[in-house]
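**Student:** A single structure is presented below for examination.
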Amino acid sequence: MTLRNIHSCRFAGGLIATLLCLATVAQAGPPLICHTIEIGQAKSLPRISHNWNLSGGEIYDTKNLVRDTLEILAPATPVLVRMETLRRATLYARKDPVAAKELLARLHARATAAESSGHPDALAWFDIGYLAETYRQWLGQNLPHMTDGMRMDPNPASGVDGYAMVKKALALRGSTLHGDDPQMEFAAALITLSGPQDEHHQHAQKAIGGAKTDSLLAQNLSARFIGPQTETMSQLLAKN
């Protein structure tokens with residue numbers, strides 16, 4: 001096969017994966033995976049590819065995944081950056097089940113340690129909850145139209161209620177800020193796209209309302225889900 005044919009095959013494969021990802025939105029597809037979060041110039045894990053998925057040509061060493069992810073998830077890191085970092089970490093984690101388990105365990109240990117010390121950490125609970133929900137949509141899932149040829153190890157977060165942890169984070173965050181955290185509400189709205197409907201509606205309203213004073217969140221809500229022919233994120237959230 002010629003180099004030109006190889007590139008053509010890769011392009012076609014990426015295009016098919018994108019189109020199929022689009023088709024799954026209305027059918028409980030993986031929005032936490034398919035949609036890239038805009039984070040501006042903020043530091044995150046190495047960009048996965050020009051598309052949402054792994055291209056197969058990444059050179060990132062997943063042995064560094066846990067260390068690098070924990071360094072990025074510092075207390076001052078905004079929620080949107082945390083979301084994109086955990087999304088990228090999940091894509092890499094599918095290639096390395098050992099790193100996938102360790103990252104989940106380390107984030108859980110960080111949240112429970114803070115809780116035991118009497119100083120519960122909203123961001124720590126958010127991180128473990130959002131990672132668990134992102135894992136749920138990607139690890140251990142048989143998605144031949146998007147993961148053809150990729151390994152399918154069991155999901156280490158199987159049975160973990162990540163959304164409950166994110167709700168705990170929202171409550172803690174609200175107490176600290178004396179109000180809502182719109183970026184965290186956006187994350188919760190994405191998690192609940194397939195339900196529960198009432199809670200999703202509340203999260204979506206708070207995220208959209210909060211975007212009036214958060215330019216980066218507003219940019220994310222005005223972005224298309226994936227591709228120019230799809231709905232904006234605010235339209236997707238409001239519709240659901």
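The values are calculated or read from the model by the stated rules, or taken from the named source; none is laboratory data. Nothing here was measured: the structure is a model prediction, and the numbers come from that model. Heads up, the Cβs are rebuilt from the backbone with ideal geometry, glycines too, and the neighbour counts pull from every protein chain shown. Just so you know, the surface numbers come from the protein's heavy atoms only, side chains and all, with ligands and any DNA or RNA stripped out. Shrake-Rupley method; radii C 1.70, N 1.55, O 1.52, S 1.80 Å.
**Student:** Could you derive backbone 3J(HN,Hα) for the stretch 229-238 from the dihedral phi with the Karplus parameters 6.51, -1.76 and 1.60 (θ = phi - 60°), listing whole Hz in sequence and x where the residue is Gly or Pro?
**Tutor:** Ordered by residue, 3J(HN,Hα) equals 8, 9, 5, 6, 5, 5, 5, 5, 5, 5 Hz.
**Student:** Exactly which GluC sites (Glu not before Pro) in the stretch 144-240 are in a DSSP loop and have at most 15 other Cβ atoms within 10 Å?
**Tutor:** When the GluC sites (Glu not before Pro) of the stretch 144-240 are filtered for loop state and at most 15 Cβ neighbours within 10 Å, GLU231 remain.
**Student:** Right, something else. Using 0.36 nm per residue, how much length does the chain from SER117 to ILE59 gain when fully extended, once their Cα-Cα distance is taken away?
**Tutor:** 17.0 nm is the gain from fully extending SER117 to ILE59.
**Student:** Can you give the log10 of the normalised intensity I(q)/I(0) at q = 0.13, 0.14 Å⁻¹, computed with Debye over equal Cα scatterers of the stretch 81-153?
**Tutor:** -0.41, -0.46
**Student:** If you roll a 1.4 Å probe over the heavy atoms of the protein chains, what accessible area per residue do you get for the stretch 110-192, in Å²?
**Tutor:** That works out to 43 Å² per residue.
**Student:** For the stretch 114-200, which trypsin sites (Lys or Arg not before Pro) pass both filters: DSSP loop (anything but H, G, I, E, B) and at most 12 other C-beta atoms within 10 Å?
**Tutor:** ARG151
**Student:** How large a share of the accessible area of the stretch 90-133, in percent, is made up of carbon and sulfur atoms when the probe is 1.4 Å and the other protein chains stay in place?
**Tutor:** Carbon and sulfur: 58 percent of the exposed surface of the stretch 90-133.
**Student:** Here's something else I'd like to know. Tally Lys/Arg at +1 and Asp/Glu at -1 over every other residue whose Cβ is under 13 Å from the Cβ of ALA223; what's the total?
**Tutor:** -2
**Student:** At 7 Å along Cα-to-Cβ for each site, give me the label-to-label distance between SER158 and GLN235 in nm.
**Tutor:** 3.8
**Student:** Here is a further query. Quick one: pull the percent of accessible area on the stretch 158-229 belonging to carbon and sulfur, 1.4 Å probe, ligands and nucleic acids left out.
**Tutor:** Carbon and sulfur together cover 49 percent of it.
**Student:** Related question: Counting Lys and Arg as +1 and Asp and Glu as -1, each charge on the Cβ, what is the dipole of the stretch 99-181 about the Cα centre in debye, to the nearest 20?
**Tutor:** Its charge dipole is roughly 120 debye.
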